[in-house]
Amino acid sequence: MKRYGFLLMLIVFVIVSLWNFSHLYYEQKIGELEEELSSYYGNLSVIPMVVFSEKAAGLKALKQTIEEKKYINSITVENSSQVTQKLIKKYNLQEADLLKDKFELPNVMTIFFHPEHFNEENKNMLNRLILAMDENADINYNENLWQEIQEQTTSLSNKINFYRKINLPLHIVISLVSIFLITLFWVHFENKNNNYWTIFRKAGGNIKIRSLKFYSLGVMLIFLPIIVNILLNYFAIQKGDVIDFIEPRWFCLQAGTILFSGILTRSILGEKF
Amino acid sequence: MLKIDNLEIKSRKKRVLIAPYAIFESGISYLVLGKNNSGKSLFLKAIAGQYKAVSGDINWKEKKIFSSRFACSSIFLERNCHLLPEKTVWENLCLPFSKVTSRIKNKLTEYCHTAGISYNIETKAGHLSYSDQKFIELIRTAVQIPNIILLDDVDTYFDEINYNKALHILQSCLKNNSILIATSRSLLENFHHTLRIQNKELLFL
């Protein structure tokens, strides 16, 4: 009889462990994808859009219009004299200082983006606004890189969204399969013990003992495998194999699954108790 | 005190036995005589609460027998043995006890000695003879001192010597106010009262 209890404990422990392992693997996979995504975004965030225009006032007005947009990280507008001074200083062109009144450089607007929000639609909108402000404005942006990264990030985002969406249904499916398996084994083991309990009763044993044993086994099945799994999770984090703790709600779902299996088993066995 | 009033036992909707009125006193042994298929076993099963096709009253201390946790205080020893054959004699003896106290241990040892099975205590129960197996059941019943002990077809378990040993073991239960009701096809000695099933009716002799 104790052997069956131990076997059932082992089965529940294996189920809970596999469940947690798959959950951790899944979380780790999402983490990797998110890391990859943020690395793509990191690459894109350092690439600015540079707009050259003769209209300084137009650029300032445009800056005021768009700087509150979600996809804008930062905007700087430099007028032609600032640009000239900057170039002279940067390239040591003190001799050219004499010529600066003869040639006028355009004003420059430099825009850095939050790439996760800077999508096709926003890009087109921004282009339209710039051209509306100055149709001769020169827009300088690495379109090819943006396009390439955009494709990659869209695909990655879709993947992450998909994984996040199926998270709960996946747990529910695992829970249902676990309920089926645990109930199947539990009923099987209880039936194997029927002969023992019949003889026990005929021998004058307390008829409540079977129920008592069933419930105490149920309590142990609910708590022991989960506690061991929490400890394993803790040690895995200490060792560095795993990054995160499994959220308590998933442990609650596992406890609920075992509890429901117990209720189901009890109702299947019915009068045998 | 066990009181039976207008008890009617049916099998396949036919009346098998009627017991108009009977009182079974604590500390007294009763032998119910009857032929095969006379309803002896059903009578015991009805008292043990294992047979439900009955009408009338079976009262224990003025209360309906099935209204309390009565099943715990009566033990019914059927003709066939209810043992765990792969377990030892001692394990089978200790089966109904959640905790084997020194009192229980001493009693079990004493009764095993009386029954003559003490040398087999570590043997698997399935390897013993039928009468020795019945002794195991009898001993663990006697140690529990239930309110009622029901023995079905007691004449088939034991020869004369073993029968006396069995009665000796059960004497301690009777001293502790248990009621012993046994059934038999032939008249046996050493019972306080004898009843007979005649023409489907239970009568005191």
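Where a number appears in this text, it was derived from the coordinates with a stated rule and is not lab data. Note that the structure is a prediction, hence the values are computed from the model and not measured. Glycine also receives a Cβ, built like all others from the backbone with ideal geometry; neighbour counts cover every protein chain displayed.
Between B:S186 and B:V100, the simple spin-label model (points 7 angstrom out along Cα→Cβ) gives 3.7 nm. What percentage of all Cα-Cα pairs in segment A:165-230 are separated by more than 17 Å? Tail fraction, whole percent: 59. Annotation: amide H of B:I179 within the under-5 Å range of B:G27, B:I148, B:I149, sequence separation 5 or more or interchain, hydrogens built in the peptide plane.
Taking A:S216, A:S175, A:S17 in turn, the Gaussian network model of chain A (Cα-Cα springs below 10 Å) assigns the largest fluctuation to A:S216. The magnitude of the dipole of chain A, with charges of +1 and -1 set on the Cβ of Lys/Arg and Asp/Glu and taken from the Cα centre, is near 2580 debye.
Let me check against my output: what whole-number percent is the relative contact order of segment B:102-205, with C-alpha pairs under 8 Å and at least 6 apart?
Numbers: 86 pairs, mean separation 26.2, N = 104.
It rounds to 25 percent for segment B:102-205.
Of the residues A:L131, A:L156, A:N107, the one whose Cα sits farthest towards the positive end of the charge dipole of segment A:102-165 is A:L156 (charges of +1 on Lys and Arg Cβ, -1 on Asp and Glu Cβ, taken about the Cα centre). The relative contact order of chain A comes to 27 percent, based on Cα pairs under 8 Å that sit 6 or more residues apart. Spin-label model, B:R15/A:K63: points 7 Å from Cα along the beta carbon direction are separated by 11.3 nm.
So if R0 is 35 Å, what FRET efficiency would B:I23 and A:I209 give, r being the distance between their Cβ atoms, rounded to the nearest 0.05? Rounded to the nearest 0.05, the efficiency is 0.60. Of all aspartates and glutamates in the structure, the ones whose alpha carbon falls short of 14 Å from that of A:K208, not counting any fewer than 8 places away in one chain, are A:E271.
Could you name the lysines in cross-link range of A:K86, using Cα to Cα under 22 Å and dropping any fewer than eight places away on the same chain? Answer for A:K86, where 22 Å is the Cα cut-off: A:K55, A:K60, A:K63, A:K100, A:K102, listed by chain and number.
Only aspartates and glutamates eight or more places from B:K63 in sequence, or on another chain, were considered; those with a Cα closer than 13 Å are B:D5.
Of all beta bridges DSSP finds with both residues in segment B:66-205, what is the antiparallel percent, to the nearest 5?
Working: 5 of 13 bridges.
Bridges in segment B:66-205 are about 40 percent antiparallel.
The simple Förster model, with R0 at 22 Å and r as the Cβ-Cβ distance, assigns A:L224 and A:L168 a FRET efficiency of 0.25.
Roughly how big is segment A:169-273's charge dipole about its Cα centre, with Cβ charges of +1 (Lys, Arg) and -1 (Asp, Glu), in debye to the nearest 20? Walk me through the numbers before you get to the answer.
Values: 10 positive and 5 negative charges, 138 e Å.
Here the size comes out at about 660 debye.
GNM remark for chain A: springs join alpha carbons under 10 Å apart, and the peak mean-square fluctuation among A:A255, A:A57, A:A203 falls on A:A203. Residues within the reach of a label modelled at B:N176 (point 7 angstrom out along Cα to beta-carbon, backbone nitrogen below 14 Å), restricted to segment A:199-238, are A:204-205. Each residue of segment A:83-91 was assigned a 3J(HN,Hα) from its phi angle through the Karplus curve 6.51 cos²θ - 1.76 cosθ + 1.60 (θ = phi - 60°); the sequence is 5, 4, 4, 5, 5, 4, 5, 5, 9 Hz, with glycine and proline shown as x. Dipole check for the protein assembly as shown: with +1 at the C-beta of Lys and Arg, -1 at the C-beta of Asp and Glu, and the Cα centre as origin, the magnitude is about 3780 Debye. Restriction of the GluC sites (Glu not before Pro) in segment A:132-195 to DSSP coil positions whose beta-carbon has at most 13 other beta-carbons within 10 angstrom yields A:E135. Under 11 Å from a label point set 7 Å out along the Cα-to-Cβ vector of A:Q152, the amide N atoms of segment A:25-44 belong to A:36-44.
Rounded to the nearest 10 degrees, what's the angle between the helix A:143-192 long axis and the longest principal axis of chain A, both from Cα atoms, 0 to 90? Once rounded, the angle reads 10 degrees.
Looking at the protein assembly as shown, the DSSP beta bridges with both ends there are about 65 percent antiparallel.
What are the membrane-span-like helices in chain B by this rule: whole DSSP H runs, Cα extent along the axis at least 20 Å, mean Kyte-Doolittle hydropathy at least -1.0?
Details: long enough: B:130-144 (22 Å, -0.24); B:160-175 (22 Å, -0.15).
Correct list, ordered by number: B:130-144, B:160-175.
Quick check: the angle from helix A:56-66's long axis to the longest principal axis of chain A, C-alpha only, nearest 10 degrees? So the inclination is approximately 10 degrees.
Kindly flag which residue pairs out of A:K2/B:K134; A:K70/A:K123; A:K272/B:K134; B:K40/B:K200; A:K202/B:K134; B:K61/B:K200 have an alpha-carbon separation exceeding 20 Å in this structure.
Numbers: A:K2/B:K134 27 Å; A:K70/A:K123 12 Å; A:K272/B:K134 26 Å; B:K40/B:K200 10 Å; A:K202/B:K134 13 Å; B:K61/B:K200 26 Å.
Where the Cα-Cα span goes over 20 Å, the pairs concerned are A:K2/B:K134; A:K272/B:K134; B:K61/B:K200.
Between the Cα long axis of helix A:208-239 and the first principal axis of chain A there is an angle of about 30°, rounded to the nearest 10.
Between segment A:103-143 and segment B:160-181, the alpha-carbon centres lie 107 Å apart.
Our note on the geometry: Cα centres of segment A:182-210 and segment A:1-61, 48 Å apart.
Calculated translational diffusion coefficient of the protein assembly as shown (4 °C, 1.567 mPa s; Stokes-Einstein with Kirkwood radius over alpha-carbon pairs) equals 42 µm²/s.
For A:N140, nonlocal amide neighbours, meaning residues 5 or more places apart or on other chains whose placed amide H falls under 5 Å from its own, are A:V50, A:V51, A:F52. Looking only at A:K165, A:K55, A:K208, which one moves most when chain A is put into a Gaussian network model with springs between Cα atoms under 10 Å? The residue that fluctuates most here is A:K208. Look at the alpha carbon pairs under 8 Å that are at least 6 residues apart: their mean separation over the length of chain B gives a relative contact order of 33 percent. The simple Förster model, with R0 at 45 Å and r as the Cβ-Cβ distance, assigns A:K2 and A:K29 a FRET efficiency of 0.65.
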